[in-house]
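The values are calculated or read from the model by the stated rules, or taken from the named source; none is laboratory data. None of these values were measured; they are calculated from a predicted model. Cβ coordinates were reconstructed from backbone atoms using ideal geometry, including for glycine residues, and neighbour counts include every protein chain displayed.
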């Protein structure tokens, strides 16, 4: 058996799919066990049935995922996750030939260290403490490029490559052509809501009163631009905050993936939707903030052939400052590019 660990968010999981496919192709005679959390695992199942062909067994660990930079109780959630991993009984059932740990997080390294396997592979960031604790447990490489060192940005590799390099620690293959490693997402044959244009919320940035007001003005102006367009555009605004935005709709992950595949253009902020849209080559207007803009675009930018990346200045150093960009002007700017794809 071969084990694959990714205890992370949807976008990072999508960027791991090419590596999982390569592992399955290499070890076609082996059972591939995917270990995920109860959120990102929803990419692989529908109606309790596994729909992803490169995993044979799906193991799910219920975990609390938070954005550390903006979450007051992140340390409490960390403790919850460590306990979940420590007391996850199913790990004792496995003794893998090889284990690939793709999430560069403490809880993932901890789980990888506890699971029995003849060989374990992962990578570490050179600037983080995890390597000092866990490196001895893994065959690994170290990524020494840090967001804070701007002069090293030319060395930044896309996360798809980062994950493929973990697999290359086990067996070699050519990763020079990134186009060959576009993520594949599989969907059940059902009917999905259809829109010409999909806009996605980003609660991470727009959660304070100032942020919400900025985002409301942005969305309202964007919809005005839609109404003024000569094209007839059916727009969907996807958000969990249906109480805040009365016209927003909230779907499950599989529905969202199907909607993204079928629409003419996606407008979204840096995150999982960028990579879902890229996997289907759905045209995308991707908005990345000015904080670590160059690094984030190089590491997590869209791989689609039809893409526009727009920089949004809302950070003054590491602090949010919504006075840096006029939401009305920004909405007009974003729609100008989105309209070209419709």
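Checking residue 336 against (1) part of a helix (DSSP H, G or I); (2) at pLDDT below 95, which single condition isn't satisfied? Looking at each condition in turn, residue 336 falls short on (2).
Among the residues of segment 249-263, write down those that are farther than 11 Å from residue 198 by Cα, in contact with a strand residue (DSSP E or B) (Cβ under 8 Å, 6 or more places away or on another chain) and assigned to a loop (DSSP other than H, G, I, E, B). Within segment 249-263, 250, 251 meet the criteria.
Scanning segment 304-320 for residues that are surrounded by 18 or more Cβ atoms within 10 Å (Cβ to Cβ) and assigned to a strand (DSSP E or B) turns up 307, 308, 312, 320.
Please identify the pairs in which a residue from segment 125-141 that is farther than 21 Å from residue 156 by Cα has its Cβ atom under 7 Å from the Cβ atom of a residue that is part of a loop (DSSP other than H, G, I, E, B), counting only partners at least 6 apart or on another chain. Qualifying pairs under 7 Å: 139/169. Within segment 1-22, the set of residues being part of a helix (DSSP H, G or I), out of contact with any helix residue (DSSP H, G or I) (no Cβ under 6 Å at 6 or more places or on another chain) and surrounded by fewer than 24 Cβ atoms within 10 Å (Cβ to Cβ) comprises 12, 21.
Over 22 Å from residue 292 (Cβ atoms), at pLDDT 90 or above and in contact with a strand residue (DSSP E or B) (Cβ under 6 Å, 6 or more places away or on another chain): is that true of residue 107 in this structure? In short, no.
Taken over segment 130-144, the residue count meeting the criterion of being surrounded by fewer than 18 Cβ atoms within 10 Å (Cβ to Cβ) and within 23 Å of the chain's Cα centre (by Cα) is 4.
Criterion applied to 54, 121 was being in a strand (DSSP E or B), modelled with pLDDT of 90 or more and either at negative phi or not assigned by TED's automatic domain parsing to the domain that holds residue 15 (or both), and the one residue passing it is 121. Check 186, 215, 206 and return the single one that is part of a helix (DSSP H, G or I) and surrounded by 14 or more Cβ atoms within 10 Å (Cβ to Cβ). Going through 186, 215, 206 in turn, just one is part of a helix (DSSP H, G or I) and surrounded by 14 or more Cβ atoms within 10 Å (Cβ to Cβ): 215. Residue-level check: of (1) in a loop (DSSP other than H, G, I, E, B); (2) buried (at least 18 other Cβ atoms within 10 Å of the Cβ), residue 323 misses just (2).
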